[in-house]
Amino acid sequence: MHVRVPATTANLGPGFDALGLALELHDEVVLRRRPRGATAPVIRVTGIAAGRLPEDPRNLLAYRAAAAVYRPLRRRPPWLELDLHTRIPRSGGLGGSAAAIVAGAVAANELEGRPFSQQELLELAAELEGHPDNVAPALLGGLVICVHGRRGLIAKRLEPPRELLAVVCVPEHAISTKHARDVIPQTVPREDAVFNLGRTALLIAALQTRDWEVLADAMDDRLHQPPRGRLYHALYPTVEAALGAGAHGAALSGSGAAIIALATDRVDEVGTAMSAAAAAQGFPNHVEVLRLASAGATVLQP
């Protein structure tokens, strides 16, 4: 089974752990059963993460996700052969781990004749990742709002605006996701909670009505970016550089270190300004200009 999964950006500023957006940059997994008599799995990692990700079934997320599909089936997974081709940077902020989890789970589900629904795969992937805001758009595509509801995980998908482009500044050095989550305080002032509630609603409205003039305000945040900005001091200079160069809005991508700006034009100027601002703060980087992805995990013809 051959599966392609998009990169993702989470939060988009105020939507902490609740919003995710798929991007047109993909990892791919090819999964096969090993022949009868095989005594071990085979794993190969190619692309930009070759030599950086472990070719080990205990540690490679794509393989672990594929094997996890067999647990609810009450079956021991067969020996599998997995090829992971990586294009999504692993320096943090573009959902590389979520893409790997979704790709492995979808491929194994296809290999076994689709015993699980999309909702069940989403819940399995969210459990493995620890939060749903990246795995949901990786699986479903588009812009996804995620909440834990009365009867389980709810993922509401919206079609992304086609005219928007994502300009992503990707630093060379990663920031630990765990560290980036640990710096966020457990409680916040009421005025900060209200600030984010209003901006999350405004952000969804702006994206649905194409009101780009309010995106800069709609992508502001007081819950997670201020403490992460102290950890990653290129954040605010890079966001302001993006806005000054013509981006409609900008924010930390997920927990970082990538920073995303949304623009309809002047993307080269925006990317140049973001790259220079991050480099001036001591963070060498490269820039990706990506379309927003309507499609999520896709099974390709073998």
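Every read-out reported here was derived from the displayed coordinates using simple, explicitly stated rules and does not represent laboratory data. Nothing here was measured: the structure is a model prediction, and the numbers come from that model. Cβ: placed from backbone, ideal geometry, glycine included. Neighbour counts: every protein chain shown.
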With the cut-off at 1.5 for a/c, could you classify region 2-159 from its C-alpha gyration tensor as rounded, prolate or oblate?
oblate
What helices does the chain have that are whole DSSP H segments, at least 18 Å long along their own axis by Cα, and with mean Kyte-Doolittle hydropathy of -0.5 or more?
96-111, 190-209, 267-280
Calculated [θ] (222 nm, deg cm²/dmol) that DSSP helices of n ≥ 4 give over the chain, each run adding -39,500 (n - 2.57):
-10000 deg cm²/dmol
Counted neighbours (other Cβ, 10 Å), sorted fewest up, put Cys146, Cys169 in the order Cys146, Cys169
Net charge over other residues, Cβ less than 13 angstrom from the Cβ of Val289 (K, R count +1; D, E count -1)
-3
Residues whose placed amide H lies under 5 Å from that of Phe283, excluding near-sequence neighbours
none
Within a 10 angstrom radius of the beta carbon, how do Trp212, Trp79 rank from fewest other beta carbons to most?
Trp79, Trp212
Sequence-separation-based contact order of the chain, relative, with Cα cut under 8 Å and 6+ spacing, percent:
26 percent
³J(HN,Hα) computed for each position of region 3-12 - Karplus, 6.51 cos²θ - 1.76 cosθ + 1.60, integer Hz, glycine/proline x:
10, 10, 9, x, 5, 9, 10, 10, 6, 6
Using Cα-Cα distances under 8 Å and only pairs 6 or more residues apart, what relative contact order does region 31-109 have, in percent?
44 percent
Region 165-291 - percent relative contact order, Cα under 8 Å, separation 6 or more
40 percent
For the chain, with the dipole built from +1 on Lys and Arg beta-carbon atoms and -1 on Asp and Glu ones, taken about the Cα centre, which of Ser117, Val170, His224 lies farthest toward the positive end?
Ser117
Output ³J(HN,Hα) for region 14-30: one whole-Hz value per residue in order, computed from phi by the Karplus curve 6.51 cos²θ - 1.76 cosθ + 1.60 with θ = phi - 60°, and x for Gly and Pro.
x, x, 4, 6, 10, 10, x, 9, 7, 10, 7, 8, 10, 9, 10, 10, 10
